[in-house]
Structures are given as structure tokens and as C-alpha cells.
Amino acid sequence: MINMADIPQGVDVNIQDGKIKIKGNLGEVERALPRGAEFKKEDGKIVITGKNKAIINTYEAHFRNAFKGV
């Protein structure tokens, strides 16, 4: 299963060492990423792949909420 979260303009995303950092005009959010899914930044999107639909959908929602908060 693959889901994608569009990264809005003005938001910087960095994925490395099992963590994601989302930074914008209002602040910064850092979060550990779960095992069981793969996360990568590609063409202005966060691409989430894995077998567990619940994890994928949950983290897509977390990212969208973080985008609003930063």
C-alpha cells in the first residue's frame, strides 16, 4: 500500500535516522517514525509505503496535521 502527503510551500521536511523533522514559519516538529513502514521525500511529497494500512493512514494524518501547525 502507498499513500502520499503533499508538502505545502514554505514547509521543509527532512527524513533521516528514523525521524522526520517538519519545519515552517510557525515552528518545528520532530517525530520518530515507526517500523513497519517506509517513509521518503519525493517530488514535494512524503511517500509512505508498507503493508499495515492503519500505520500508513495514521502517519499520513499526523503529517497533514503537522503541516498545519508549522
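The values are calculated or read from the model by the stated rules, or taken from the named source; none is laboratory data. The shown structure was predicted, so the numbers you read here are calculated from the model rather than taken from an experiment. Neighbour counts run over all protein chains shown; Cβ positions are idealised from the backbone, glycine included. Remember, those area values only see protein heavy atoms, side chains included, never the ligands or the DNA or RNA. Shrake-Rupley method; radii C 1.70, N 1.55, O 1.52, S 1.80 Å.
The table for this structure:
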| item | result |
| --- | --- |
| Subset of the range 48-70 [surrounded by 15 or more Cβ atoms within 10 Å (Cβ to Cβ) and either more than 10 Å from Asn3 (Cβ to Cβ) or of a type in the set (Val, Ile, Thr) (or both)] | Ile48, Ile55, Ile56, His62, Ala66, Phe67, Val70 |
| Residue selected from the range 32-44 under the condition in contact (Cβ under 8 Å) with a residue 12 or more places away in the chain and open to solvent by 90 Å² or more (accessible area, probe 1.4 Å), by the criterion farthest from Gln9 (Cα to Cα) | Glu38 |
| Glu28 open to solvent by less than 90 Å² (accessible area, probe 1.4 Å) and charged (D, E, K, R) | no |
| Qualifying residue in the range 10-22 (condition: surrounded by 13 or more Cβ atoms within 10 Å (Cβ to Cβ), out of contact with any Ser or Thr (no Cβ under 6 Å at 6 or more places or on another chain) and either of a type in the set (Gly, Ala, Ser) or modelled with pLDDT under 95 (or both)) | no |
| All positions within the range 1-45 that are over 12 Å from the mean Cα position of the chain (by Cα), under 19 Å from Ile55 (Cα atoms) and part of a strand (DSSP E or B) | Ile2 |
